[in-house]
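Throughout, read-outs are computed from the coordinates displayed, never taken from laboratory work. This one's a predicted model, so the numbers in the text were calculated from it and none came from an experiment. Because the Cβ atoms are built from the backbone with ideal geometry, glycine has one as well, and the counts that use them run over all protein chains shown.
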């Protein structure tokens, strides 16, 4: 049920993820999974894909969905923009649901809003003919912002209606109704398609990068966060640990490139008289330029600690 980033090709046929061909429906920001569960239960003929950035929400939703015995649902922990642009093929989406998205109300945070003009343009290329996006929100300024963004593209016919009953059963909907707050709903019907095909831009490698060094690993009595910027992204080494047997080092790194965010573990450990630096397969990370840069920068840092680079596979 839980999709891993390393499973994806760019793009990935939806039937590869679900094991069958069926209309693909996406919920962006599924929270505790209540709406997703209801949607998948009412439409067993659909392939239902949920994307969420909160690990806790993903865990809770996965538990609920497994208890319900649903087999037509897949979950992804990550950014919706990454999934839509890099993973989903053109015209592969039947419909999209966005329920109570983060409105990012402060002026300086508006660029973080999902339903920008650029996202509507991208979505027009991923929706099938007459495909729809359905938005439900309690935030009037965000609702107006989304309507204006869609109108600016000229790619959608907008229908403002009362929220359907199923969207009023979510946790946030019940909360806002108890406070007697108005709830807004719109259906964005695809009417045309952007000329830009929005091809995937992240390069995926078939093998994971690594390096071989000679010398003695540093004792690592103290470690400060390391930040490495590269064109299109950056790597942040957040923590470093001594391995349980004391012979190697482990580094927790956050890799951000375009809309893809990965947290990976890198290992520097003795192998046949040398030290192997690699990204561990834990969590099935995707091999990209970001992982390559992580291995390269860690190798450079170890060289600065007195080690010598012998072989580089990055």
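Which one, 227, 87, 25, has the greatest fluctuation when you compute a Gaussian network model over the chain with C-alpha springs under 10 angstrom?
Of 227, 87, 25, the most mobile in the Gaussian network model is 227.
By how many nm would the segment from residue 102 to residue 236 lengthen if fully extended, with 0.36 nm per residue of separation less the alpha-carbon distance?
Numbers: separation 134, 0.36 × 134 = 48.24 nm, distance 2.55 nm.
Full extension of this stretch gives 45.7 nm more.
Of 193, 272, 15, which is the most mobile in a GNM of the chain whose springs link Cα atoms less than 10 angstrom apart?
Looking only at 193, 272, 15, the biggest GNM fluctuation is shown by 272.
Could you tell me the convex hull volume per residue, in Å³, taken over the Cα atoms of the chain?
Per-residue hull volume (Cα only) is 164 Å³.
Give me the percent of Cα-Cα pairs in the stretch 165-270 that sit more than 17 Å apart, rounded to a whole number. Working shown, then result.
Working: 4078 of 5565 pairs.
Result for the distance tail: 73 percent.
Apply the a/c threshold of 1.5 to the C-alpha gyration tensor of the stretch 1-77 and tell me whether it is rounded, prolate or oblate.
Working: a/c = 1.79, a/b = 1.14, b/c = 1.57.
Taking the square roots of the gyration eigenvalues as a ≥ b ≥ c, the stretch 1-77 is oblate.
Give me 158, 28 sorted ascending by neighbouring Cβ count inside 10 Å, so fewest comes first. It would help to have the intermediate numbers written out before the result.
Values: 158 15, 28 24.
Final ranking by Cβ density, sparse to dense: 158, 28.
Express in nm, to one decimal, how much length is gained between residue 157 and residue 68 on full extension, taking 0.36 nm for each residue of separation and deducting their alpha carbon distance. Don't skip to the end; give the middle numbers.
Working: separation 89, 0.36 × 89 = 32.04 nm, distance 3.59 nm.
Stretched out fully, the residue 157 to residue 68 stretch lengthens by 28.4 nm.
For the chain, find the longest principal axis of its Cα atoms and tell me its angle to the long axis of helix 289-304, 0 to 90°, nearest 10.
It works out to around 30 degrees.
Could I have the simple spin-label model distance between residue 229 and residue 245, label points 7 Å from Cα toward Cβ, reported in nm to one decimal?
The answer from the label model is 4.0 nm.
Test of understanding: ordering 183, 255, 53 by Cβ neighbours within 10 Å, fewest first, what list do you get?
Working: 183 18, 255 25, 53 15.
Listing 183, 255, 53 from fewest to most nearby Cβ atoms yields 53, 183, 255.
Once you order the gyration tensor axes a ≥ b ≥ c over the Cα atoms, which shape class does the stretch 210-313 get: rounded for a/c under 1.5, otherwise prolate or oblate by comparing a/b with b/c?
Details: a/c = 1.62, a/b = 1.54, b/c = 1.05.
It is prolate, given that a/c is not under 1.5 and a/b is the larger ratio.
Of all the C-alpha pairs in the stretch 215-259, what % are more than 18 Å from each other? Don't jump to the answer; show the numbers that get you there.
Numbers: 390 of 990 pairs.
I get 39 percent for the Cα pairs in the stretch 215-259 exceeding 18 Å.
With a ≥ b ≥ c taken as the square roots of the eigenvalues of the C-alpha gyration tensor of the stretch 66-131, please select rounded if a/c is under 1.5 and otherwise prolate if a/b is larger than b/c or oblate if it is not?
Values: a/c = 2.18, a/b = 1.29, b/c = 1.68.
The shape class here is oblate.
How many nm is it between the label spots at residue 140 and residue 311, if each spot is 7 Å from the Cα in line with the beta carbon?
Modelled inter-label distance: 6.7 nm.
As a footprinting exposure proxy, order 199, 276, 213 by other Cβ within 10 Å, with the fewest listed first.
Details: 199 11, 276 16, 213 21.
Arranged by neighbour count, lowest to highest, 199, 276, 213 become 199, 276, 213.
Compute the distance from the alpha-carbon center of the stretch 208-250 to that of the stretch 105-175, in whole Å.
42 Å
Which value, to two decimals, describes the C-alpha radius of gyration of the stretch 148-196 once divided by 2.2 N^0.38 Å? Intermediate results must be reported in sequence, preceding the final value.
On the way: Rg = 14.4 Å, N = 49, 2.2 N^0.38 = 9.7 Å.
Expressed relative to 2.2 N^0.38 Å, the Cα Rg reads 1.49.
Given C-alpha coordinates of the stretch 131-221, what is the ratio Rg to Rh with the Kirkwood estimate of Rh? Numbers along the way, then the final one.
On the way: Rg = 23.5 Å, Rh = 17.6 Å.
Computed over Cα atoms, the ratio is 1.33.
Out of 219, 106, 175, any idea which swings most in a Gaussian network model of the chain, alpha carbons joined below 10 Å?
Result: 106 has the largest fluctuation of those listed.
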